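Heads up: the structure comes next, in structure tokens.
The values are calculated or read from the model by the stated rules, or taken from the named source; none is laboratory data. Worth saying up front: this structure is predicted, and the values here are computed from it rather than measured. Note that we place each Cβ from the backbone using ideal geometry, even for glycine, and neighbour counts take in every protein chain shown.
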């Protein structure tokens, strides 16, 4: 069997101050069958100049206006040729330079391979363990920076652009309905930069989560449970 090819995608817009570190993080991975794609939303701050510095290490990059992060990620899915696609967007980093190598050695070519996340806030870092899949009615089981998904599944389950923040949660449910096989790997996959996430974003995310969970769960009592859970989450944030 040929060695599994992983497409790593970085989506960026005006990230000149942080993209170089993300690029270096990708090209320093010890795994040696990586396709690296960068999709830039038409940056005007020098981002493209930094990308050009590393063109020999980048498989493909393009720059054009988009409709937001999920639109850019959909473009990357359609450009990718790897067996798996992994999103490491600007400002985020792999947990170690052996991350991809460690993940692949623990997998059996499952459709979705996911793990844990190191979440970096302004003054701290914390480890967010992936949630059990049976709790998916109330949360995304994994951070989208901590999952590898087979390209064949993503091509048929692109991000729904009607969701501004929680399109990854909606996509998870679509993958589940597509009978994707999920594999948990007990590894910290990425360091996710949470500094730009505002309380306003959090409220919109919870609103979108509520609708997605209701859409994908049946039963009167289950729907009451979902509504109550998200109502409490939204309102307890105010206290």
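From the list 37, 77, 50, the lone residue that is surrounded by 18 or more Cβ atoms within 10 Å (Cβ to Cβ), under 20 Å from the mean Cα position of the chain (by Cα) and under 18 Å from residue 15 (Cβ atoms) is 37. The residue list 71, 66 contains one member that is closer than 15 Å to residue 12 by Cβ, out of contact with any strand residue (DSSP E or B) (no Cβ under 7 Å at 6 or more places or on another chain), outside any loop (DSSP other than H, G, I, E, B) and modelled with pLDDT of 95 or more, which is 71.
Checking each residue in segment 112-141 for being part of a loop (DSSP other than H, G, I, E, B) and touching a helix residue (DSSP H, G or I) at 6+ places or on another chain (Cβ under 8 Å) picks out 130, 136, 137, 138, 139, 140, 141. Of the residues in segment 86-101, none is under 30 Å from residue 227 (Cβ atoms), surrounded by 15 or more Cβ atoms within 10 Å (Cβ to Cβ), in contact with a helix residue (DSSP H, G or I) (Cβ under 6 Å, 6 or more places away or on another chain) and at pLDDT 95 or above. Within segment 150-157, identify whether any single residue is touching a residue at least 12 places away in the same chain (Cβ under 8 Å), assigned to a loop (DSSP other than H, G, I, E, B) and surrounded by 13 or more Cβ atoms within 10 Å (Cβ to Cβ), and answer yes or no. Yes, because at least one residue in segment 150-157 is touching a residue at least 12 places away in the same chain (Cβ under 8 Å), assigned to a loop (DSSP other than H, G, I, E, B) and surrounded by 13 or more Cβ atoms within 10 Å (Cβ to Cβ). Tell me, yes or no, whether segment 182-203 has at least one residue that is outside the structural domain of residue 117 (by TED's automatic domain parsing), in a helix (DSSP H, G or I) and in contact with a helix residue (DSSP H, G or I) (Cβ under 8 Å, 6 or more places away or on another chain). Yes, segment 182-203 contains a residue that is outside the structural domain of residue 117 (by TED's automatic domain parsing), in a helix (DSSP H, G or I) and in contact with a helix residue (DSSP H, G or I) (Cβ under 8 Å, 6 or more places away or on another chain). Report whether or not residue 14 is surrounded by fewer than 21 Cβ atoms within 10 Å (Cβ to Cβ), on the phi > 0 side of the Ramachandran plot and in a loop (DSSP other than H, G, I, E, B). It is true that residue 14 is surrounded by fewer than 21 Cβ atoms within 10 Å (Cβ to Cβ), on the phi > 0 side of the Ramachandran plot and in a loop (DSSP other than H, G, I, E, B).
If you check 16, 72 for being within 14 Å of the chain's Cα centre (by Cα) and assigned by TED's automatic domain parsing to the domain that holds residue 165, only one passes: 72.
For the residues 161, 214, the requirement of being surrounded by fewer than 18 Cβ atoms within 10 Å (Cβ to Cβ), within 19 Å of residue 11 (Cα to Cα), touching a residue at least 12 places away in the same chain (Cβ under 8 Å) and more than 14 Å from the chain's Cα centre (by Cα) singles out 161.
Of the candidates 9, 39, the single residue that is farther than 28 Å from residue 186 by Cα, modelled with pLDDT of 95 or more and either out of contact with any strand residue (DSSP E or B) (no Cβ under 8 Å at 6 or more places or on another chain) or in a strand (DSSP E or B) (or both) is 39. Report yes if some residue within segment 145-160 is within 24 Å of residue 43 (Cβ to Cβ) and modelled with pLDDT of 95 or more; otherwise report no. Within segment 145-160, one or more residues are within 24 Å of residue 43 (Cβ to Cβ) and modelled with pLDDT of 95 or more.
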